[in-house]
Amino acid sequence: MKLTKEQQMELAQKLTSPWGHVRLICDGFTIDLKVQRMKGGMSYRVMTYVNGQFHGLWVSSKNEHPEQKFLRKLVKPLYSVAMKAKLEKIYGKRAFAKEERFHEKLTSYMPDFASGKAAISHLCKVSESIQVVHE
């Protein structure tokens, strides 16, 4: 069962205030979305907890875990644009283009979302069934 647009808007509205909380059941997992303050001052993010917890093992893409699909996927290049320009000068354009290690990307899964709407939208995309748990 998917969420309707009205339910999505209602859940996103609950996650706009500081320390807002929503509990969902997605594909048999209990997902808690909580608005929490981040370290760097007065910014708030929506944190994702799967079955009431978050494990650091889920961040790495080296091992696959079923809980990773509920987290925000972050893909970054291994080398910055400036570093790639320096390496291209050193190795030459052809050698640089052929070498795959210069074009590698790092993938990680982060538990935070910028807004409740982003978190709800992500869960709707990756989940077959979503149910709201009324407390």
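In region 91-135, what residues are exposed (fewer than 12 other Cβ atoms within 10 Å of the Cβ), hydrophobic (A, V, I, L, M, F, W, C) and either assigned to a loop (DSSP other than H, G, I, E, B) or under 13 Å from the mean Cα position of the chain (by Cα) (or both)?
Val133
Can you report the number of residues in region 61-84 which are closer than 30 Å to Ala95 by Cα and either of a type outside the set (A, V, I, L, M, F, W, C) or surrounded by 12 or more Cβ atoms within 10 Å (Cβ to Cβ) (or both)?
Of the residues in that region, 10 qualify.
From the set of residues in region 58-82 that are small (Gly, Ala, Ser) and in a loop (DSSP other than H, G, I, E, B), which is nearest to Ser108 (Cα to Cα)?
Here is the first cut: in region 58-82, the residues small (Gly, Ala, Ser) are 60-61, 80, 82.
Then drop every residue that is not in a loop (DSSP other than H, G, I, E, B), which leaves 61, 80.
Details: Ser61: 6, Ser80: 17 Å.
Checking each candidate, the answer is Ser61.
Scan region 60-72 residue by residue and report those that are in contact with a helix residue (DSSP H, G or I) (Cβ under 9 Å, 6 or more places away or on another chain) and touching a residue at least 24 places away in the same chain (Cβ under 8 Å).
Here is the first cut: in region 60-72, the residues in contact with a helix residue (DSSP H, G or I) (Cβ under 9 Å, 6 or more places away or on another chain) are 61, 63, 65, 67-72.
If the condition is that a residue be in contact with a helix residue (DSSP H, G or I) (Cβ under 9 Å, 6 or more places away or on another chain) and touching a residue at least 24 places away in the same chain (Cβ under 8 Å), then Ser61, Glu67, Gln68, Lys69, Phe70, Leu71, Arg72 are the ones that fit.
With the checklist (1) surrounded by 16 or more Cβ atoms within 10 Å (Cβ to Cβ); (2) without any contact (Cβ under 8 Å) to a residue 12 or more places away in the chain; (3) among the acidic types (Asp, Glu) in hand, flag the one item Asp32 doesn't pass.
It is condition (2) that Asp32 fails.
I'd like the residue in region 36-54 that is open to solvent by less than 10 Å² (accessible area, probe 1.4 Å) and touching a residue at least 60 places away in the same chain (Cβ under 8 Å) and, out of all such residues, is farthest from Lys69 (Cα to Cα).
Val46
The values are calculated or read from the model by the stated rules, or taken from the named source; none is laboratory data. Keep in mind that this is a model prediction, so the values were computed, not measured. Counting neighbours? That spans all protein chains shown, and the Cβs are built from the backbone with ideal geometry, glycine included. The protein model used for the area step is the full one, side chains on, heavy atoms only, and it has no ligands, DNA or RNA in it. Shrake-Rupley method; radii C 1.70, N 1.55, O 1.52, S 1.80 Å.
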